[in-house]
Amino acid sequence: MKALGVWEPLAVKEQTIKTAVESATMLLRIDDIVSGIAKKGAPGGGGGGGAQVDDGGDVDPEAMLPE
């Protein structure tokens, strides 16, 4: 690169490495959260019941329409 007259500042390389480390750290944290949720949902996972999610299967769509 020096022969071509192209110079990359060290600051750009440092920022690239910092960004890559931050991205990897965030992905690992998200993976820990997701795997923790999966473990809690497994049978015999211990702990109390989690929040119940309503899928809307027993909702009457006609009752939701304004008159």
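The values are calculated or read from the model by the stated rules, or taken from the named source; none is laboratory data. Predicted, not measured: the structure shown is a model, and the values here were computed from it. No Cβ is skipped: glycine too gets one built from the backbone with ideal geometry, and neighbour counts run over all protein chains shown.
Might you check whether a residue that is at pLDDT below 65 and polar (S, T, N, Q) occurs anywhere in segment 49-64?
Yes, segment 49-64 contains a residue that is at pLDDT below 65 and polar (S, T, N, Q).
Listed residues 67, 14; which is on the phi < 0 side of the Ramachandran plot, surrounded by 10 or more Cβ atoms within 10 Å (Cβ to Cβ) and either part of a loop (DSSP other than H, G, I, E, B) or at pLDDT 65 or above (or both)?
One residue alone meets the criteria, 14.
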